[in-house]
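Asker: Quick one: the structure is below, and I'll ask about it shortly.
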Amino acid sequence: MKRKSTPIAPEDAALFRDAIGEVTRIEREPAATDRPAPPPEPRRLRLDEAEALKESRDLSTLPAIEANEVLAFRRDEVPEKTLRQLKRGQFSVLDEIDLHRLRASDAEPMLKQFLNQARHSSRLCVRVVHGKGLRSEAEPVLKALVDRILRHRGDVLAFASAPVSQGGTGAVLVLLARPGV
């Protein structure tokens, strides 16, 4: 129910102004509710990203790789001809890292650091020696690790098992994207 307001008599208004004296207007500071709302927090996105990262590190989700299996991969934007040239060893290898005999937990950060340094130094074709995994009890652990890491890196354009003269199925040749691309 709305209350009716009664009009204020001019004498009452004058009496009120005399009683309170001079008035200074106080500028209102913005309240917490006047601030713009923060952007929404994409919780589901963050959870999906964390789950994808966990899956990418889990070797059991990948198909088993055999010791003598030939590895090959290229991004869609890389011509098939480039992959064939890589498989034949027609690119100059500008750097190399030897990971075999290392534990996977030690090899992974070394490989990532090596690839970052090679790319930033414009050494865009490198060899990664992972071994054939003949001493592994099941599948070749380092070979599977290298395959997984290279497939998930955006700066890896293509990779293929090296020609026999350069390590065969115990090494891969990797083409990296130019820095800044």
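The values are calculated or read from the model by the stated rules, or taken from the named source; none is laboratory data. Please read all numbers here as calculations on a predicted model, not as lab measurements. Reconstructed Cβ throughout: ideal geometry from the backbone, glycine too, with neighbour counts over all protein chains shown.
Asker: Taking the stated definitions as given, is Asp98 surrounded by 11 or more Cβ atoms within 10 Å (Cβ to Cβ), at pLDDT 80 or above, closer than 25 Å to Pro179 by Cβ and among the charged types (D, E, K, R)?
Answerer: It is true that Asp98 is surrounded by 11 or more Cβ atoms within 10 Å (Cβ to Cβ), at pLDDT 80 or above, closer than 25 Å to Pro179 by Cβ and among the charged types (D, E, K, R).
Asker: Within the stretch 153-161, does at least one residue satisfy the condition of being hydroxyl-bearing (Ser, Thr, Tyr) and under 17 Å from Arg74 (Cα atoms)?
Answerer: yes
Asker: Quick one: Ala104 ticks every box in (1) surrounded by fewer than 18 Cβ atoms within 10 Å (Cβ to Cβ); (2) touching a strand residue (DSSP E or B) at 6+ places or on another chain (Cβ under 6 Å); (3) modelled with pLDDT under 90 except a single one, so which number is it?
Answerer: (2)
Asker: Surrounded by 10 or more Cβ atoms within 10 Å (Cβ to Cβ), modelled with pLDDT of 80 or more, within 22 Å of the chain's Cα centre (by Cα) and polar (S, T, N, Q): which single residue out of Gln117, Gln90, Gln85 fits that description?
Answerer: It is Gln117.
Asker: Name the residue that is modelled with the lowest pLDDT, counting only residues in the stretch 14-36 that are surrounded by fewer than 10 Cβ atoms within 10 Å (Cβ to Cβ) and among the small types (Gly, Ala, Ser).
Answerer: Looking at residues that are surrounded by fewer than 10 Cβ atoms within 10 Å (Cβ to Cβ) and among the small types (Gly, Ala, Ser), I get Ala32.
Asker: Report yes if Asp147 is in a helix (DSSP H, G or I), modelled with pLDDT under 95, acidic (Asp, Glu) and within 20 Å of the chain's Cα centre (by Cα), otherwise no.
Answerer: Considered against the rule, which asks whether it is in a helix (DSSP H, G or I), modelled with pLDDT under 95, acidic (Asp, Glu) and within 20 Å of the chain's Cα centre (by Cα), Asp147 comes out as yes.
Asker: Report, by residue number, each residue of the stretch 161-174 that is assigned to a strand (DSSP E or B) and either polar (S, T, N, Q) or surrounded by fewer than 22 Cβ atoms within 10 Å (Cβ to Cβ) (or both).
Answerer: Ser161
Asker: Cβ-Cβ below 9 Å, separation at least six or inter-chain, first residue in the stretch 154-174 and closer than 15 Å to Phe91 by Cα, second of a type in the set (Asp, Glu) and assigned to a strand (DSSP E or B): which pairs?
Answerer: Ala171/Glu96; Ala171/Asp98
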